[in-house]
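Undergrad: Quick one: the structure is below, questions incoming.
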Amino acid sequence: MHKLGRGSRDKVQQFMVITGASEKVALQALKTSDWHLEGAFDVFYSQPQVAVANTRHLEELYNRYKDPDADMIMVEGISQLCNDLQVDPQDIVMLVISWHMKASTMCEFTRQEFVGGLQSIGVDSIEKLRDKLPSLRAELKDDQKFREIYNFAFAWAREKGQKSLALETAIGMWRLLFADRNWPLIDHWCQFLQVRHNKAISRDTWAQLLEFVKTVDPQLTNYDEEGAWPYLIDEFVDYLKENGVVQHRQ
């Protein structure tokens, strides 16, 4: 990399920090994109990454966190995993990791989910996974990946055997997911649910709220009252108007 100019070296370093990729991969992606950093990210994330994880190391890692009484990583094991990664269990990066693992239930990883997930990320040690955390967080800035993670979170967070998501769990997940998205109506939405709804959240409401957030401006100037929104979102709009959060349209 010593033959590169300073600007190019900076781009390589930035690419490596954000994606967790090697210098060789960073150079290849940047050259392919004619040294446009955003284009290099598109190249990197659009191509399946070659798994370089050592299966034996992954099995050893799984056994470190596995519950002593079940062939599964459970709450205590995940708590230890978070300690080793130096992240809070409530950190959204744990949701991203769970998405990569295709985990079916919050606070549980099967052997297949854990080993397969880390293989897909391309790591086989805690140190490598910790180094990947910035790039895993960065995936939330990609709209398509955010949508996939958002939709994944519904089934992941609900209790086993339930079709809907408990209200308090849904509120906690929404606050987590929208924390960096700066949706100005999040507090009003959560308050509305607690005051007016106080019931579990359906998958349809969960999915449609993201569409509402992405397509309707906070002042509701482009809200279509004749649109096919779930009744709960229509009621939320009425609630905002009743409480003077937004103005009635003439």
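Undergrad: Take the residues of the stretch 225-244 that are in a loop (DSSP other than H, G, I, E, B) and over 29 Å from the mean Cα position of the chain (by Cα): which is modelled with the highest pLDDT?
TA: Of everything passing the filter in the stretch 225-244, Asn243 is modelled with the highest pLDDT.
Undergrad: Do you know which of the residues in the stretch 157-174 that are among the polar types (S, T, N, Q) and in a loop (DSSP other than H, G, I, E, B) is modelled with the lowest pLDDT?
TA: Gln162
Undergrad: Pairs please, first residue from the stretch 10-39 and touching a residue at least 12 places away in the same chain (Cβ under 8 Å) and under 16 Å from Asp131 (Cα atoms), second anywhere and part of a helix (DSSP H, G or I) and aromatic (Phe, Trp, Tyr), Cβ atoms under 7 Å, 6+ apart in sequence or on different chains.
TA: Thr19/Phe44; Ala21/Phe15; Ala21/Phe44; Ala26/Phe15
Undergrad: Considering only residues that are of a type in the set (D, E, K, R) and within 25 Å of Leu118 (Cβ to Cβ), which ones fall in the stretch 5-38?
TA: The answer is Glu23, Lys24.
Undergrad: Answer yes or no as to whether Glu127 is without any contact (Cβ under 8 Å) to a residue 40 or more places away in the chain and out of contact with any Leu (no Cβ under 7 Å at 6 or more places or on another chain).
TA: Values: without any contact (Cβ under 8 Å) to a residue 40 or more places away in the chain: yes; out of contact with any Leu (no Cβ under 7 Å at 6 or more places or on another chain): yes.
Taking the combined requirement at face value, the residue satisfies it.
Undergrad: Counting only residues that are in contact (Cβ under 8 Å) with a residue 12 or more places away in the chain and surrounded by fewer than 16 Cβ atoms within 10 Å (Cβ to Cβ), which one in the stretch 182-194 is nearest to Lys145 (Cα to Cα)?
TA: The residue in question is Pro184.
Undergrad: Okay, moving on. Got a sec? Which of Ile97, Ile121 is closer than 30 Å to Leu209 by Cα, crowded, with 19+ Cβ neighbours inside 10 Å, outside the structural domain of Ser202 (by TED's automatic domain parsing) and within 11 Å of the chain's Cα centre (by Cα)?
TA: Ile97
Every residue, every condition in (1) of a type in the set (A, V, I, L, M, F, W, C); (2) exposed (fewer than 15 other Cβ atoms within 10 Å of the Cβ), yes or no:
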position: Ile149; (1), (2): yes, no
position: Arg158; (1), (2): no, no
position: Asp180; (1), (2): no, yes
position: Leu210; (1), (2): yes, no
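Undergrad: Considering Glu168, Glu127, which residue is farther than 19 Å from Tyr45 by Cα, surrounded by fewer than 19 Cβ atoms within 10 Å (Cβ to Cβ), assigned by TED's automatic domain parsing to the domain that holds Glu235 and of a type in the set (D, E, K, R)?
TA: Details: Glu127 fails: assigned by TED's automatic domain parsing to the domain that holds Glu235.
None of the others qualify; the one that does is Glu168.
Undergrad: Collect the residues in the stretch 196-233 that are more than 21 Å from Glu159 (Cα to Cα), touching a residue at least 12 places away in the same chain (Cβ under 8 Å) and among the aliphatic types (A, V, I, L, M), keeping them in residue-number order.
TA: Leu210, Val213, Leu220, Leu232, Ile233
Undergrad: Could I ask something else about it? Can you tell me which of Ile121, Ile171, Ile126, Ile149 is touching a His at 6+ places or on another chain (Cβ under 6 Å) and not small (Gly, Ala, Ser)?
TA: Ile121
Undergrad: Now a separate question. Can you spot a residue in the stretch 77-84 that is in contact with a Cys (Cβ under 6 Å, 6 or more places away or on another chain), without any contact (Cβ under 8 Å) to a residue 40 or more places away in the chain and of a type in the set (A, V, I, L, M)?
TA: Within the stretch 77-84, one or more residues are in contact with a Cys (Cβ under 6 Å, 6 or more places away or on another chain), without any contact (Cβ under 8 Å) to a residue 40 or more places away in the chain and of a type in the set (A, V, I, L, M).
The values are calculated or read from the model by the stated rules, or taken from the named source; none is laboratory data. Because the structure is predicted, anything quoted here is derived from the model rather than measured. Cβ: placed from backbone, ideal geometry, glycine included. Neighbour counts: every protein chain shown.
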